[in-house]
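**Student:** Questions regarding the structure given below will be posed in turn.
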Amino acid sequence: MTPVHPLPNRPLTVAVLGASGAVGQELLQLLQERNFPVSELRLLASARSAGQICQWNGQAIAVQEVSESSFQDVDLVLASAGGSVSRQWREAVVSAGAVMVDNSSAFRMDDDVPLVVPEVNPQAAAEHNGVIANPNCTTILLTLALAPLAAKRSMHRVVVSTYQSASGAGARAMEELKDLSRVVLDGGTPNSEVLPHSLAFNLFLHNSPLQSNSYCEEEMKMVHETRKIMGLPGLRFTATCVRVPVLRAHSEAVNVEFAEPFPVKEARELLAAAPGVELLEDPASNRFPMPTDVTGRDPVVVGRIRQDISEENALEFWLCGDQIRKGAALNAIQIAELLLPAA
Ligand code: NAP
């Protein structure tokens, strides 16, 4: 890999590929909120939403159908249109001299593509070949909580169960959950078209393709990506991913085993001080993190940290995070911020 040259020291031409989607819309909001140095913003999607007008920073910008010429003179592409679209346009982006921060899983495990959570492994963004991958949403949220603990004691094994909201499957899945909930409340039969089953008053195991080991793709993404981000290739890791009828924000039940006991008080202090993490522990009123606590917010909120009663070297905890925000759009923009020249 060639050493990175930072993004140019001037306001940038930024393209958002997938601008009409759930992550794309969040990217637009965050570019504005974080005062990212933008001179021109190009909104790209498929022919389906070409012509759609988005308001951004006081301007009305039309979505364009992505084409070969879309990347001319672009400095930065924030891609969130799915893996096949990222694969299709990678060469055009890189040969235009732009950097692509990609939200899809297309390149995450490629040796020459850094997989970055800025609070965990910012140094990984220092070298790239024009593409930096944004990890899977559940993995980003999880590694924020694992990293400060792994820095203190040798981490041996992670067991995680996820509770993933409709928004993880995109804007249309969120609308479907709302629509089918109304159908059920009105006594009707919910028929899903976006998700494989109705999520209304229901849940199901994550529907990504099953692998030969009977884990689904989403579960194996967590395994491989966590190891790569944390630089722990031998970390024993198992996951069960479940889609739940929450509109937005994912939750995870986490069990982590170390080489030795990890005092709960120390874990709590480390997590409270960790970047991107917030604690919410109120045992007196039995109040711990919920998806609604994190919706539209940046931090991953952790709570219910406790000693595993079945294993003296293990801790249990619970976390919630807005996966469209920190699990996708915010993390992508933070990666781009790592490439900005120092002020
Ligand atoms: P989404 O709401 O369904 O949006 C998909 C976007 O991609 C839309 O803008 C769509 O444009 C565009 N698109 C689809 N096919 C295209 C094509 N052939 N050419 C150009 N644009 C095309 O999906 P999303 O949830 O935002 O997810 C987008 C990506 O981010 C996926 O790779 C997903 O895995 C990843 N991701 C999502 C989340 C999440 O929480 N949702 C988290 C992490 C990563 P049209 O409007 O024209 O169809």
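The values are calculated or read from the model by the stated rules, or taken from the named source; none is laboratory data. Only a predicted model underlies this, so the values are computations on that prediction, with no experimental measurement involved. Glycine also receives a Cβ, built like all others from the backbone with ideal geometry; neighbour counts cover every protein chain displayed. SASA here: full protein model, heavy atoms, side chains in, ligands and nucleic acids out. Shrake-Rupley method; radii C 1.70, N 1.55, O 1.52, S 1.80 Å.
**Student:** What is the residue count in segment 20-33 for residues that are of a type in the set (A, V, I, L, M) and more than 6 Å from the ligand (Cβ to nearest atom)?
**Tutor:** 4
**Student:** Among the strands (runs of 3 or more DSSP E) lying completely within segment 273-343, list those that include at least 2 residues that are over 20 Å from the mean Cα position of the chain (by Cα) and over 25 Å from L76 (Cβ atoms).
**Tutor:** In segment 273-343, the matching strands (runs of 3 or more DSSP E) lie at 300-307, 314-321.
**Student:** Could you say whether any residue in segment 61-81 is surrounded by fewer than 19 Cβ atoms within 10 Å (Cβ to Cβ) and closer than 20 Å to A328 by Cβ?
**Tutor:** No, segment 61-81 has no match at all.
**Student:** Let me ask something else. So in segment 99-117, with the set limited to residues that are within 20 Å of H224 (Cβ to Cβ) and more than 13 Å from the ligand (Cβ to nearest atom), which one is surrounded by the most Cβ atoms within 10 Å (Cβ to Cβ)?
**Tutor:** Within segment 99-117, the match that is surrounded by the most Cβ atoms within 10 Å (Cβ to Cβ) is V116.
**Student:** Further question on the same structure: When you look at S192, is it open to solvent by 20 Å² or more (accessible area, probe 1.4 Å), more than 21 Å from the chain's Cα centre (by Cα), more than 13 Å from the ligand (Cβ to nearest atom) and under 21 Å from Q323 (Cβ atoms), yes or no?
**Tutor:** Here the answer is yes, as S192 does meet what is asked.
**Student:** Right, another one. Can you pull out the residues in segment 38-49 that are closer than 17 Å to E68 by Cα and either open to solvent by 50 Å² or more (accessible area, probe 1.4 Å) or not assigned by TED's automatic domain parsing to the domain that holds L76 (or both)?
**Tutor:** The answer is A47, and nothing else.
**Student:** May I pose another question? When only residues in segment 151-171 that are more than 7 Å from the ligand (Cβ to nearest atom) and hydrophobic (A, V, I, L, M, F, W, C) count, which is nearest to S105 (Cα to Cα)?
**Tutor:** A166
**Student:** Say whether the condition of being within 15 Å of the ligand (Cβ to nearest atom) and either under 19 Å from L141 (Cβ atoms) or at pLDDT below 95 (or both) is met by at least one residue in segment 265-280.
**Tutor:** no
**Student:** Can you tell me which condition A200 does not meet? The list is (1) under 16 Å from the mean Cα position of the chain (by Cα); (2) open to solvent by less than 20 Å² (accessible area, probe 1.4 Å); (3) under 21 Å from M290 (Cα atoms), and all the others hold.
**Tutor:** (1)
**Student:** Same structure, new question: Based on this model, can you work out whether M174 counts as within 16 Å of the ligand (Cβ to nearest atom) and in contact (Cβ under 8 Å) with a residue 60 or more places away in the chain?
**Tutor:** Considered against the rule, which asks whether it is within 16 Å of the ligand (Cβ to nearest atom) and in contact (Cβ under 8 Å) with a residue 60 or more places away in the chain, M174 comes out as yes.
**Student:** Got at least one residue in segment 82-98 being part of a strand (DSSP E or B) and either away from the ligand (no atom under 16 Å from the Cβ) or surrounded by 15 or more Cβ atoms within 10 Å (Cβ to Cβ) (or both)?
**Tutor:** For segment 82-98, residues part of a strand (DSSP E or B) and either away from the ligand (no atom under 16 Å from the Cβ) or surrounded by 15 or more Cβ atoms within 10 Å (Cβ to Cβ) (or both): absent.
**Student:** Please enumerate the residues belonging to segment 52-66 that are part of a loop (DSSP other than H, G, I, E, B) and more than 10 Å from the ligand (Cβ to nearest atom).
**Tutor:** N57, G58, listed by residue number.
**Student:** For the structure I just gave you, tell me whether S70 is in contact (Cβ under 8 Å) with a residue 12 or more places away in the chain and over 23 Å from the mean Cα position of the chain (by Cα).
**Tutor:** yes
**Student:** Let me ask something else about it. State all residues of segment 162-211 that are over 17 Å from N136 (Cβ atoms), touching a helix residue (DSSP H, G or I) at 6+ places or on another chain (Cβ under 8 Å) and β-branched (V, I, T); if no residue qualifies, say none.
**Tutor:** T189, V194
**Student:** Now a separate question. If N35 meets every condition in (1) surrounded by fewer than 19 Cβ atoms within 10 Å (Cβ to Cβ); (2) in a helix (DSSP H, G or I) apart from one, which number is that one?
**Tutor:** Every condition holds for N35 apart from (2).
**Student:** Which of the residues belonging to segment 221-271 are open to solvent by 60 Å² or more (accessible area, probe 1.4 Å), farther than 20 Å from N134 by Cβ and without any contact (Cβ under 8 Å) to a residue 60 or more places away in the chain?
**Tutor:** Across segment 221-271, the qualifying residues are P233, G234, P261, P263, K265, R268, E269.
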